[in-house]
Amino acid sequence: MSADVRPIAASELPDWLHTVNTGFLNAARATESDVAQLAEHYDLDRVQGGFDTGTGRCVAAFRSFAQELTVPGGASVPATAVSNVGVLPTHRRQGLLSRMMAAEFAAARERGDVLATLIAAEYRIYGRYGFGPAASVSEWEIDVPRTGLDPQLSVPADGGRIEMVDAAEVRRIGPELHERLRALTPGMVGRNERWWRLMTGLETVSYRPYTEKFHAVYRTAAGEVAGLVLYSADDHWTDAKIPQNTVQVRDLLALTPQAQRALWQFLCSIDWVTKVRTGYRAPDDLAPHLLPDPRAARVVTAADFLWVRVLDVVRALSARTYEVPGVLVLEVTDPAGPAAGRYRLDAGSGACARTQEPADLRLDASALGSLYLGDASAVRLAELGRVTQERPGAVALADAVFRTARRPWCPDVF
C-alpha cells in the first residue's frame, strides 16, 4: 500500500477527524457542528493527513499548533505543539508518522520554533523522533477522614476567603491568573480563549462531552485573586444512606503556598465528600504535606507527561537559566537533523553557541529534551547509557547545572 502525505483540504476534515477518533479508539462520528468548529479554530496548513493512493481515504492524521512554553527562569519560548496523531491499524509500520514528523520539523524550523512538544499516549514511539520525557505528573487520592483536618475550620487561616463563582467569572479572571502562574512555573504552556470556553462549557464538541463543574476562587486578605479551582463530584451513597462522594479536581491554580493550603482545605471540608482526587500535579506538589497526616494522600498516578524535542539548541539553551555556573561542551547526535552538532554552554552567563572544542558530554536529542526543563538527572541518564562523559566530572556538573529546585509541571493535555 502507498499513501500521499500532505496538508488536508477543508472538505477532508470530516474524514481526517474520523481517522483521529479511530486511532484513539473512539467510534463517535463528528457532527457538522464539530467540523465547523474545528475548521474555524484549526490552521489547516498545520493539519496533515496520509491518504491511501488507491482509495483516497484518510489513513493517518497529524496536527500542530503554536504554543508558548515556560522554561526555567521564567522565559517563554515558541514551540510547535504536536497533537491528534493517529494512523489507522491497517496502515501502521509504513513510515507515515515519520514522513509527517519530518514535514513538521522542517516547517517548524522555517517558523522559528525553538522546541516541539507533545503529550505521549505511548512511551515507545516518540524517542526515535528526538522527543524526551521532560515533565512528569502525579495524582493523589485524599482520604478526607484520615487527613486530620477539622471540617469546621474551612476558612483560610491567613485572613483570605473562598468564594463560589460561576463559569463567566472563571473566564474573566482565569486567564490572567494562569499567566501569572505560568511565568513562575517551568513546563506550563499558554492557554488560549478557546481553552477556557471548552473548560467552562461555553463551547462543546460531541465527541468530548462536557462535565458540569463547580468553581471556587481564593482571595487574599487584600482581596486579590491568588487561586482558582474547578471541580466535579460524583453521587455515591451506601445502602445505609451514608454519603461517600468523591471530588475530582479538574483544574487548580495557586500562586502561593497559602492559596494552595486554603483551596485543599476547602475541598476537604465539603459536606458528603470522603475522597478528593487531586488531578495531575507536579510530583513534588505540596498538596500531601499541607495535610496534618500526609499518609491520607495516596498516589494513584505517577507517569511521564510532557515530552520536549529541541529544534534549535542555541536558542533553547540560551533561553533558560541554570542553577549553578559552569561551562559544558555538549555533542548532540540527532539522526533527524535539527539538533545535531557541538555546543558550548556557559551556564553562568546563559550563553550558548556552536563550537569546535572537544566535547565534555555526548548525548542524543531525546536525552537533551529530558534534561531541558530540569526534571531529569544527568547522572541517572549516564547510568542508563544515554549520556556519555568525555571529561571527568562533566556528568556531575551537568546534573547541577540543569536540575531545578522545583520540578517542572504541565497541567494541560493537548
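The values are calculated or read from the model by the stated rules, or taken from the named source; none is laboratory data. Because the structure is predicted, anything quoted here is derived from the model rather than measured. Glycine gets a Cβ as well: all are built from the backbone with ideal geometry, and neighbour counts include every protein chain shown. Heads up: the accessible areas ignore ligands, DNA and RNA and are worked out on the full protein's heavy atoms, side chains in. Shrake-Rupley method; radii C 1.70, N 1.55, O 1.52, S 1.80 Å.
With both labels modelled 7 Å from their Cα along Cα-to-Cβ, the Thr355 to Glu323 distance reads 2.1 nm. The magnitude of the dipole of the chain, with charges of +1 and -1 set on the Cβ of Lys/Arg and Asp/Glu and taken from the Cα centre, is near 640 debye. Residues within the reach of a label modelled at Thr90 (point 7 angstrom out along Cα to beta-carbon, backbone nitrogen below 13 Å), restricted to the range 19-52, are 19, 51-52. Net charge in the neighbourhood of Thr70 (other residues with Cβ under 13 Å of its Cβ; Lys, Arg +1, Asp, Glu -1) is +2.
Roughly speaking, what is the stretch gain from Thr388 to Arg194, that is 0.36 nm per residue apart minus the C-alpha to C-alpha distance, in nm to one decimal? Could the numbers behind the result be given before it?
On the way: separation 194, 0.36 × 194 = 69.84 nm, distance 4.40 nm.
Net length gain for the segment: 65.4 nm.
Other residues lying with their Cβ under 11 Å from the Cβ of Pro292 contribute a combined charge of 0, Lys and Arg counting +1, Asp and Glu -1. Normalised by the number of residues in the range 132-237, the average gap of Cα pairs under 8 Å and 6 or more apart makes the relative contact order 29 percent. By definition, a body whose alpha carbon gyration tensor gives a ≥ b ≥ c is oblate when a/c is 1.5 or more and a/b is not larger than b/c, and the chain fits this oblate description. Modelled label positions at Asp45 and Glu141, each set 7 Å beyond Cα in the direction of Cβ, lie 4.8 nm from each other.
Here the label points at Ile125 and Lys241, each 7 Å from Cα along the C-beta direction, are separated by 5.1 nm in the simple model.
The residue among Ala319, Phe305, Pro288 whose Cα reaches farthest toward the positive pole of the charge dipole of the range 269-328, with charges on the beta-carbon of Lys, Arg, Asp and Glu, is Phe305. Could you tell me whether the range 264-414 comes out rounded, prolate or oblate from its Cα gyration tensor? Rule is a ≥ b ≥ c as square roots of the eigenvalues, rounded for a/c under 1.5, then prolate if a/b exceeds b/c, otherwise oblate. Because a/c hits 1.5 or more and a/b exceeds b/c, the range 264-414 counts as prolate.
Among Trp264, Trp237, Trp16, the residue with the largest mean-square fluctuation in a Gaussian network model of the chain, with springs joining Cα atoms closer than 10 Å, is Trp237. Fully extending the segment from Ser11 to Ala222, taken as 0.36 nm per residue of separation minus the present Cα-Cα distance, adds 70.6 nm.
What the Cβ-Cβ distance of Asp234 and Thr55 gives, at R0 = 60 Å and to the nearest 0.05, is a FRET efficiency of 0.85.
A dipole drawn for the chain from +1 and -1 charges on Cβ atoms has a positive end, and of Tyr123, Leu361, Leu97 the residue lying farthest that way is Leu361.
Taking the Cα centre of the range 88-209 as origin and charging only Cβ (+1 Lys, Arg; -1 Asp, Glu), how large is the dipole, in debye to the nearest 20? Numbers along the way, then the final one.
Working: 17 positive and 16 negative charges, 168 e Å.
The dipole of the range 88-209 has a size of about 800 debye.
Working from Cα pairs under 8 Å separated by at least six residues, relative contact order for the chain is 19 percent.
Give the shape of the range 339-414 as rounded, prolate or oblate, defined through the alpha-carbon gyration tensor: a ≥ b ≥ c are the square roots of its eigenvalues, a/c under 1.5 means rounded, and otherwise the shape is prolate if a/b is larger than b/c and oblate if not. Please report the intermediate quantities before stating the final value.
Details: a/c = 1.62, a/b = 1.44, b/c = 1.13.
Prolate, because a/c is 1.5 or more and a/b exceeds b/c.
Among beta bridges from DSSP that stay inside the chain, the antiparallel ones total about 85%. Using a probe of 1.4 angstrom and keeping all protein chains present, the accessible surface of the range 1-157 works out to 46 square angstrom per residue. Note on Glu110/Val300: beta-carbon distance plugged into 1/(1 + (r/R0)^6) with R0 of 56 Å gives a FRET efficiency of 0.85.
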